[in-house]
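Below is one structure; the comments refer to it alone.
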Amino acid sequence: MFQMRCKKLILLLLLSISAFAYDFGDIPKVNVVDIPKGKPLMVQFGKTECIWCEHMAPYLKEIKEKYPKTPIYYINTDKDILGGINSNVQVLPTSVFWNEEGKEIGRHEGYLLPEEIMELLEKYGVLVKE
């Protein structure tokens, strides 16, 4: 009886944690292998229960709302562990910028303010203002 209650409590806890995932708005939450090639883009790596990842989420959401054609993707390294490893992510959050062939052209490890994100999006040709 006690074990059954513990299992139910753990399941409820896990479900509640996933329900409170950060709100990235229209930013696709995908695995690394699912990111399309063909244009420069930004890949934001984070994880559940990362305070700095949580603080960056509204900035990325706001940028995506203002510039909806700007290709930004979010990878949760709790769900795509191999994607993070294969992308050599060692610090969270990490922002990686890819060219149209899917090759890395820039990287920032750590927290970014909105204006810093915008500078990097412009620097790497990812920002689409149309």
Next item on the list: Once you have a ≥ b ≥ c as the square roots of the Cα gyration tensor eigenvalues for the stretch 22-123, tell me rounded if a/c is under 1.5, and otherwise prolate or oblate according to whether a/b is larger than b/c.
Entry: rounded
Checklist line | Distance-filtered residues of the stretch 110-124 - backbone nitrogen under 18 Å, label point 7 angstrom along residue 69 Cα→Cβ | finding: 121-124
Margin query: How far apart, in nanometres, would the label points at residue 99 and residue 55 be if each is projected 7 angstrom from Cα along the Cα-to-Cβ direction?
Written below: 3.4
Notebook entry, point to check: Which one of 40, 111, 27 has its Cα pushed farthest toward the positive end of the charge dipole of the stretch 22-123, where Lys and Arg give +1 and Asp and Glu give -1 at the Cβ?
Noted result: 40
Checklist line | Value of relative contact order over the stretch 22-123, rounded to a whole percent, pairs C-alpha under 8 Å and six or more apart | finding: 37
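Quick note: the coordinates plus some simple rules give every number you see, no bench work behind them. Everything numeric here is computed off the predicted structure, so don't read it as measured data. So basically every Cβ, Gly included, is an ideal-geometry build from the backbone, and we count neighbours across all protein chains shown.
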